[in-house]
Amino acid sequence: MRKFSGELITIPRVARKISESGIYHVMVRGVNKQSIFLDMEDYLRFLRTLSEIKKRCEYTIHAYCLMDNHIHLLLQEGAATVGHIMQRIGTSYVKWHNQKYQRVGHLFQNRFLSEAVDSDSYFQKLLRYIHQNPVKAAMVSACGDYPWSSYSDYITPEHAIEPGLADTRLGLDVLGGAEQFVEFCSQL
C-alpha cells in the first residue's frame with residue numbers, strides 16, 4: 001500500500017507468468033541479502049526439506065544451487081502449483097531455522113521470484129547458469145567443486161548429497177548426455 005495525499009492506495013501484485021511446460025526458474029533471497037545458510041547443517045536441512053515436500057507435492061527438481069544468501073531452483077510443477085510448493089518449502093525451512101537460531105520473523109526477502117521456462121534452449125541456459133553460480137561468485141574454480149548444487153547429481157549421482165532429489169533425465173536428454181553436460185557447464 002502507498003499513501004498519496006493522505007489516501008491509502010493498494011497496488012496489486014503482478015501475476016506470475018504461467019509456464020506452459022510447468023517448469024520455472026525460482027529464486028529466493030535472504031531478507032536484507034543476509035545469509036540463509038550459516039553452517040553445513042542448514043544446507044543439509046534445506047535439501048532434506050526439498051525432498052520431503054517433493055514427496056507430498058509430487059514436483060520435479062531439474063537443478064538447484066544453494067548459495068549462502070540465495071537459492072536457485074529449476075522446478076516443474078506436479079500435483080501442486082509453484083506457489084504452493086514454495087510456500088510449503090519456505091514455511092518448513094523457516095520454522096526450523098528460526099527455532100535453531102532462536103529468532104523470529106522473516107528469513108526470505110519478499111515473495112520468491114519465478115520465470116517461466118518454455119523452451120529447450122532456455123532450459124539449457126538455466127542449467128548452466130544455476131550450476132555456474134558459485135564459479136561466477138568466485139567461491140570455487142569449477143562447478144564440480146561446489147557441494148551445494150545438483151551438479152554432482154548429473155555427473156556422479158552415486159555421490160549426490162541428497163540422492164534422488166534432482167531428476168537429471170530431461171537435462172541430460174536435452175544436452176545429449178553427461179559428457180555434453182560437463183562441457184556445456186564449463187563454457188563461461
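Points worth noting:
- Where only DSSP H runs of four or more residues are counted, the chain gives -12500 deg cm²/dmol as its mean residue ellipticity at 222 nm, each run worth -39500 (n - 2.57).
- Calculated FRET value between Gln102 and Met27, using beta carbons and R₀ = 41 Å, to 0.05: 0.90
- Surface composition of the range 90-163: carbon plus sulfur atoms contribute 52% of the solvent-accessible area (1.4 Å probe, protein chains only, all chains present).
- Normalised by the number of residues in the chain, the mean separation of alpha-carbon contacts (under 8 Å, six or more apart) gives a relative contact order of 26 percent.
- Residues Asp120 and Arg48, FRET efficiency given R0 of 45 Å [Cβ-Cβ distance, rounded to 0.05]: 0.90
- Inter-centroid distance (Cα atoms) of the range 95-125 relative to the range 140-163, Å: 20 Å
- Cross-link partners of Lys136 among lysines (Cα-Cα below 20 Å; sequence separation of 8 or more within a chain): Lys33, Lys125
- Measuring with a 1.4 angstrom probe and ignoring ligands and nucleic acids, Thr91 comes out at about 90 Å² accessible.
- Mean accessible surface per residue for the range 13-59, computed with a 1.4 Å probe while every protein chain stays in place, in Å²: 59 Å²
- Option label - Cα Rg over 2.2 N^0.38 Å computed here, alternatives [x] 1.08; [y] 1.42; [z] 1.31: [x]
- Estimated distance in nm for a label pair at Thr60 and Glu41, the labels positioned 7 Å out from Cα along Cα-to-Cβ: 3.6 nm
- Ordering of 52-59, 95-102, 35-42 by burial proxy (mean other Cβ atoms within 10 Å per residue, highest first): 52-59, 35-42, 95-102
- Rounded accessible area per residue of the range 78-188, 1.4 Å, Å²: 55 Å²
The values are calculated or read from the model by the stated rules, or taken from the named source; none is laboratory data. Every value quoted in this text rests on a predicted model; they were computed, and no experiment measured them. All Cβ positions, even for glycine, are placed from backbone atoms using ideal geometry, and neighbour counts span all protein chains on display. Ligands, DNA and RNA are stripped out before the accessible areas are found, and what is left, the full protein with its side chains, is counted by its heavy atoms. Shrake-Rupley method; radii C 1.70, N 1.55, O 1.52, S 1.80 Å.
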